[in-house]
Amino acid sequence: MSTKIVFKHIDEPEQHRIDTYLKNGGYQALPKTLKELSPAQVIEVVKKSGLRGRGGAGFSTGAKWGFVPVDSPKPRFLICNADESEPGTFKDRELIEKDPHQLIEGIIIGSYAIGAYISFIYIRAEFGFGAKRLEQAIKEAYDKGYLGKNILGSGYDLDLILYRGAGAYICGEETSLLSSIEGIRPLVRLRPPYPAVAGCYNCPTAVNNVETLSNVPHIILNGAEWFAKIGTLKSTGTKIFCLSGRVNKPGNYELPMGIPLKELIYDYGEGIRNGKKLKAIIPGGVSSWVMPASKVDVKLDFESVAEAGSALGSGGVIIMDEDTCMVKATLRLVKFYEFESCGECTPCREGTYWLSKIMQRIEDGKGRMEDLDLLLDLSDNIYGKTICPLGESATMPVTSTIEHFRQEYEDHIKNKRCPFEKKV
Amino acid sequence: MISRETEEKIRNLKGKYPKVKTCVLPAFHILYQEEGYLSQEGIQKVSELLGVPLLELHEVLSFYVFFPTRRIGKYWIRVCDNLSCSLMGAESIIKYLEEKLKIRVGQTTPDGLFTLGTEECLGSCGTAPMMMVNEEFHENLTREKIDKLIEELSRK
């Protein structure tokens, strides 16, 4: 049995066109859904499959859809989060550019399940090519009657709107994304109320990631049990792991959940560049804790990576070798969060500024030994004290590298210079 | 002056979305296509066409980085220098471009052809180092690739 689900036809050159998608078995789950399943049954199937959000949080997709109230007098919305901007993550872009109809089919099924008549794909501004591909695919889907009024004679109507962002990492956070669509300054919102109850235009809304929705047609077609058998007990199905950094063969690899990290790096990624030694791994996009090389045996599923002290997140696996300066790498990430902080919560807005300032002086050889405790104290004052996870994410590389690579920080401070100089 | 065609496109946005303020970002995209940046005059026009107060437009616009609000070079080069790209040599790519174009990050060449900038992760980490030139991605960058590209763009 092939373990590829969403990437099964990814390398076929014309897969982005509706004819090729149809030829390869596309748009079969949709008629099955509309003819044989009630919205509640769709939700039940997805719940049973164990599908969890592939955007980072790993929340049950079926449960998320189940939270959208069926008796609400307000319109409901399904929003596909295609704002992929988590550093180290580049899977959604490939899914969008190469197999857009798979995503659209997933969106239609999801929208039907929650009773939405309007759905948005929120795509980041920089994905101009992906937006063009989606625009074409949406038009093709309308022309064939998969979108619009009375889809396939079922009486179900759905309009799908492609919406381009304007360049802001925070808009990948669901409440900020909602504000972005509403055309107001996209600051994050306190939850509750959750988007399921009061989301887009204050109406019930489900927000799902591209990879998550791309899995849905396959689950409908092949059944919940089929999907649940792939992967591990609690992390079912496959995951696209985005391998980058100092490996010989970086790229996207769709593999069953629970595959050992070691296999991903050495079998698929063909090992570390230039025969160097592995030093550290970021397993789930930069919003996860840095792991030392000793954790290379960890299995890549939500539970195992959490047990190993980090998070599977979006599946963006970044590899750092012995030549990487961990202080400089951490500084780069902290600067990213400082720049992208929306500025709403003081601990994040001020905290990321100070983390960045202190990290910079350590990297520049002007740090003090007390700075390490100061960084940990600062991190503690951010973590759990903000509306959204961005501030928390900024502390993750800091606290984890101080824990695992304290010696490197001390070397910077004692020797008053970066021991790696220009190596990163 | 923005063209009648662009004006029409922006006006037509109004029926396309559930609420009028949702038209703001699409209107900016249309304006950007026409002008290559968002001029004060253009933003004013969006405000009139959509009936959204100017203040509310700036409130939104100032949050984002995608639209320049002053005229920039014909080719906007944005090099990703986030972690994965840095690990693969983004710094030396930026330095090379600075030397080659004889400008620093944030500047535009005197002939108005190139503006050099850096960018946060562009979702292209598996093909690092990379950069965006206007809407196009250029991946697995080497000095040779950059030489070729700059030469091509300079000739256009």
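Values computed for the structure shown
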item	result
Positions within the stretch A:305-328 being closer than 13 Å to A:Met291 by Cα and either more than 11 Å from chain B (Cβ to nearest Cβ) or in a helix (DSSP H, G or I) (or both), in sequence order	A:Val305, A:Ala306, A:Glu307, A:Ala308, A:Gly309, A:Ser310, A:Ala311, A:Leu312, A:Met326
Residue check for A:Ile114: over 20 Å from A:Gln28 (Cβ atoms), in contact with an Asp or Glu (Cβ under 9 Å, 6 or more places away or on another chain) and touching a residue at least 40 places away in the same chain (Cβ under 8 Å)	no
Complete set of residues in the stretch A:186-232 that are in contact with a helix residue (DSSP H, G or I) (Cβ under 7 Å, 6 or more places away or on another chain) and acidic (Asp, Glu)	A:Glu211
Any hit, the stretch A:76-87, residues being assigned to a loop (DSSP other than H, G, I, E, B), over 21 Å from the mean Cα position of the chain (by Cα) and either aliphatic (A, V, I, L, M) or within 14 Å of chain B (Cβ to nearest Cβ) (or both)	yes
Verdict on A:Ala40 being among the hydrophobic types (A, V, I, L, M, F, W, C) and more than 25 Å from the chain's Cα centre (by Cα)	yes
Any hit, the stretch A:47-63, residues being at pLDDT 95 or above, within 14 Å of chain B (Cβ to nearest Cβ) and more than 21 Å from A:Ser287 (Cα to Cα)	no
The lone exception for A:Asp159 - which of (1) part of a strand (DSSP E or B); (2) under 22 Å from the mean Cα position of the chain (by Cα) it fails	(2)
Residue selected from the stretch A:148-178 under the condition among the small types (Gly, Ala, Ser), surrounded by fewer than 17 Cβ atoms within 10 Å (Cβ to Cβ) and in contact with a helix residue (DSSP H, G or I) (Cβ under 8 Å, 6 or more places away or on another chain), by the criterion nearest to the other protein chains (Cβ to nearest Cβ)	A:Gly148
Residues that are in contact (Cβ under 8 Å) with a residue 24 or more places away in the chain, farther than 26 Å from B:Tyr64 by Cα and not in a loop (DSSP other than H, G, I, E, B), drawn from the stretch A:360-382	A:Ile362, A:Glu363, A:Asp371, A:Leu372, A:Leu375, A:Leu376, A:Leu378, A:Ser379, A:Asn381
Subset of the stretch B:107-127 (residues that are more than 19 Å from A:Phe339 (Cβ to Cβ), assigned to a loop (DSSP other than H, G, I, E, B) and not β-branched (Val, Ile, Thr))	B:Gln107, B:Pro110, B:Asp111, B:Gly112, B:Leu113
Residues of the stretch B:87-106 classified as closer than 20 Å to A:Glu340 by Cβ, in a loop (DSSP other than H, G, I, E, B) and of a type in the set (A, V, I, L, M), total	1
Candidate set: the stretch B:127-142, residues that are farther than 13 Å from A:Gly128 by Cα and touching a residue at least 24 places away in the same chain (Cβ under 8 Å); chosen: the one nearest to the other protein chains (Cβ to nearest Cβ)	B:Ala128
Residue ID - surrounded by the fewest Cβ atoms within 10 Å (Cβ to Cβ), chosen from residues in the stretch B:121-142 that are more than 14 Å from B:Trp76 (Cα to Cα) and in contact with a helix residue (DSSP H, G or I) (Cβ under 6 Å, 6 or more places away or on another chain)	B:Asn140
Residue satisfying all of: in the stretch B:2-25; β-branched (Val, Ile, Thr) and more than 7 Å from every other protein chain (Cβ to nearest Cβ); surrounded by the most Cβ atoms within 10 Å (Cβ to Cβ) among these	B:Ile10
Yes/no for A:Pro397 being closer than 26 Å to B:Glu91 by Cβ and in a loop (DSSP other than H, G, I, E, B)	no
Test: residue in the stretch B:95-110 that is over 30 Å from A:Ser244 (Cα atoms), surrounded by fewer than 16 Cβ atoms within 10 Å (Cβ to Cβ) and within 14 Å of chain A (Cβ to nearest Cβ)	no
Condition check for A:Met291: touching a residue at least 12 places away in the same chain (Cβ under 8 Å) and buried (at least 23 other Cβ atoms within 10 Å of the Cβ)	no
Where a residue in the stretch A:88-103 is under 17 Å from A:Gly285 (Cα atoms) and modelled with pLDDT of 95 or more and its partner, wherever it lies, is part of a helix (DSSP H, G or I) and aromatic (Phe, Trp, Tyr), with Cβ under 9 Å and at least six apart	A:Arg93/A:Phe129
In the stretch B:29-86, the residues that are among the small types (Gly, Ala, Ser) and assigned to a loop (DSSP other than H, G, I, E, B)	B:Gly36, B:Ser39, B:Gly51, B:Ser62, B:Gly73
Failed condition for A:Gly275, given (1) of a type outside the set (Val, Ile, Thr); (2) crowded, with 24+ Cβ neighbours inside 10 Å; (3) over 23 Å from A:Thr395 (Cα atoms)	(2)
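The values are calculated or read from the model by the stated rules, or taken from the named source; none is laboratory data. Because the structure is a prediction, the values reported are computed rather than measured. With ideal geometry, Cβ positions are generated from the backbone for all residues, glycine too; neighbour counts draw on all protein chains shown.
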